[in-house]
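This report concerns only the one structure given below.
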Amino acid sequence: MTAKIVMFGLDGADPAFMDRLIEAGELPAFKRLRARAAVHAIENDAAQGAAQFWNSASIGAGPGHHGHHFYMHFKPDTYDIIPNHESSLPDITPFWNRLDEEGYRVAVVDWHRMMPKPLKHGHLVDNWLGHDPLTDTIWMPPSLAEEGKKYFQGDSIGGGFELRPRKTADDINAYLTDLFNRIKAKTAFCCDQLRAREWDLFIACFSDAHDVGHHVYHLEDETHAEYDPALADKVRKPLTESYRRIDQAVGEILDAAGGDAKVFVYGGPGMGRLVSANGALDEMLRRIDWGVDAPPTVAETARKSFHSLVPLNLRRRFAPLVRALRRKVAINDFARRRFFAVPHNDNSGAVRLNVKGREKYGTIEPGADYDAVIEEITKAVMTFKNAETGQPIVARTVPARAAFPGPHAEVLPDLFVEWNRADAPGKFRKIVSDIYGEIDLEPVGRTGDHSPYGFFWAPPDAPGDGVTLPEHITVPVMEAVRANAPSMSHPAASQAAE
């Protein structure tokens, strides 16, 4: 059996790092694909992270059209912050479901942070051997679950790296072994699916570059502030080896797909050093709103008490429970404030305004009052500097309504605060403002975080004019499927084309 179109999704893959490995001869499958592809550089929408990068690509429209900026979502009616799959985020339809409705046979394996919907003519697998899955694996149709068990059962790293800190070389190497076994299992599953039936579009996604990029980035960057040469010598090039394993997987899947398959590759957002003040943003906003001398919030008091009473080596074990309790405590604080921080990717902080008619206890009037508060926050956060270097910690602010118009813009935070990574030698440890004082930041376990950069490789004959954003990749893939499917076996597709 064969596939007409194969698409690889490489969550967290860094284009510059891949290019270096390709030139060094480390990635032969990717080298062949890139050589015969139209190569498009992708830059993520301003101040956004991985969830938005993949959701915008899945529907062909920007954040204002889907509202999925992070894996956690703020509820204006309760002031709670909950995982996306438990929230009432806007209903969106990925492009593969649209193709399925037209009669095409589509398989999707682990598109990052997707909104899974059943396929009439194909298969879908979500949260299987992916990056920090939020739910149990979703198999569509459900009967596919028994087949999946043949390839991999249990996932020792599925709960996330942070839940079990790995500091020694033996622990990190064991983690990498588990990661490589997941790549191998997913590859075997995809190959067997390709051999079992005909597909018009087969999408195989790997998020392993995302995992290693967050957690062991420092072991392959000798200029990183946390680079440890002794540890790096015992954990040999973890990023390079992960990319090699993905390259091998791509080669095997292409062999199973047949030599005539057209290939797309979508990767990113890339990785760089983690430099972030997200952990201090809410305290910054509290001081901007209430003044430097205002009493700390209940949530902040609870955090400090927890840190004073619980040793560092035990904090991570209780981290998920603590975060959940802190969110519950913060609800009362949020309702009394004009604005506050909500979770977002570490490249930028996210600010929500307490708006009348939108939030349950809103205090800010829409219109001129709203605009004035956005300007107030922007000017205030720009006063903060890195205590170690004296450089500003904020690169820019991004008002969401202006940057991301669309029917669901109100779901997004109101303002994104993008951190200045260009002048930071390492993580922010202390930030200072002549107006708002000093704030110490808690240590962060991750050493790498997302850059705005990605890539899209397409067949040379695919439409590709102006492909520069995540939402631009959808049309070329859909048009390629429609152009390559046999119309006689897809009457619904023929009618759509006509």
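Taking the conditions exactly as written (among the basic types (Lys, Arg), in the same structural domain as Leu10 (by TED's automatic domain parsing) and buried (at least 21 other Cβ atoms within 10 Å of the Cβ)), does Lys237 satisfy them or not?
No: the conditions fail for Lys237.
Can we say Val467 is at pLDDT 85 or above, surrounded by 15 or more Cβ atoms within 10 Å (Cβ to Cβ), out of contact with any Ser or Thr (no Cβ under 8 Å at 6 or more places or on another chain) and in a loop (DSSP other than H, G, I, E, B)? The answer is yes for Val467. Highlighted here are the helices (runs of 4 or more DSSP H) found entirely within segment 1-115 that include at least 2 residues which are aliphatic (A, V, I, L, M): 15-23, 28-35, 50-59. Within this structure, Gly158 passes the test of being in a loop (DSSP other than H, G, I, E, B), under 27 Å from Asp14 (Cβ atoms), out of contact with any strand residue (DSSP E or B) (no Cβ under 7 Å at 6 or more places or on another chain) and of a type in the set (Gly, Ala, Ser).
Taking each residue of segment 363-377 that is modelled with pLDDT of 95 or more and looking for partners that are aromatic (Phe, Trp, Tyr) and surrounded by 13 or more Cβ atoms within 10 Å (Cβ to Cβ) with beta-carbon atoms closer than 6 Å, six or more apart or interchain, yields Ile364/Tyr370.
Quick check on Val373: is it assigned to a strand (DSSP E or B) and crowded, with 17+ Cβ neighbours inside 10 Å? It is false that Val373 is assigned to a strand (DSSP E or B) and crowded, with 17+ Cβ neighbours inside 10 Å. If only residues of segment 427-455 that are closer than 11 Å to Val275 by Cα and surrounded by 17 or more Cβ atoms within 10 Å (Cβ to Cβ) are counted, the one that is nearest to the chain's Cα centre (by Cα) is His450.
Of Ala400, Ala483, Ala458, which residue is touching a Pro at 6+ places or on another chain (Cβ under 8 Å), of a type in the set (A, V, I, L, M) and in the same structural domain as Ala61 (by TED's automatic domain parsing)? Give the steps one after another, and end with the answer.
On the way: Ala400 fails: in the same structural domain as Ala61 (by TED's automatic domain parsing); Ala483 fails: touching a Pro at 6+ places or on another chain (Cβ under 8 Å).
Ala458 is the lone residue from the list that is touching a Pro at 6+ places or on another chain (Cβ under 8 Å), of a type in the set (A, V, I, L, M) and in the same structural domain as Ala61 (by TED's automatic domain parsing).
Among the candidates Ala47, Ala37, single out the residue that is farther than 25 Å from Gly448 by Cβ, out of contact with any helix residue (DSSP H, G or I) (no Cβ under 6 Å at 6 or more places or on another chain) and surrounded by 17 or more Cβ atoms within 10 Å (Cβ to Cβ).
Ala37
Pairs, please: C-beta under 7 Å, at least 6 apart or cross-chain, first residue assigned by TED's automatic domain parsing to the domain that holds Gly122 and surrounded by fewer than 18 Cβ atoms within 10 Å (Cβ to Cβ) and in segment 85-103, second among the hydroxyl-bearing types (Ser, Thr, Tyr) and modelled with pLDDT under 95? Close Cβ pairs satisfying both conditions: His85/Thr135.
Is it the case that some residue within segment 310-325 is at pLDDT 95 or above, closer than 27 Å to Ala424 by Cα, assigned to a loop (DSSP other than H, G, I, E, B) and in the same structural domain as Val398 (by TED's automatic domain parsing)? Taking every residue of segment 310-325 in turn, none turns out to be at pLDDT 95 or above, closer than 27 Å to Ala424 by Cα, assigned to a loop (DSSP other than H, G, I, E, B) and in the same structural domain as Val398 (by TED's automatic domain parsing). Elements of the type helices (runs of 4 or more DSSP H) sitting completely within segment 171-283 and holding at least 1 residues that are out of contact with any Asp or Glu (no Cβ under 6 Å at 6 or more places or on another chain) and under 30 Å from Lys385 (Cα atoms): these cover 208-215.
The values are calculated or read from the model by the stated rules, or taken from the named source; none is laboratory data. Worth saying up front: this structure is predicted, and the values here are computed from it rather than measured. Ideal geometry is used to build each Cβ from the backbone, glycine not excepted, and the neighbour counts take in all protein chains shown.
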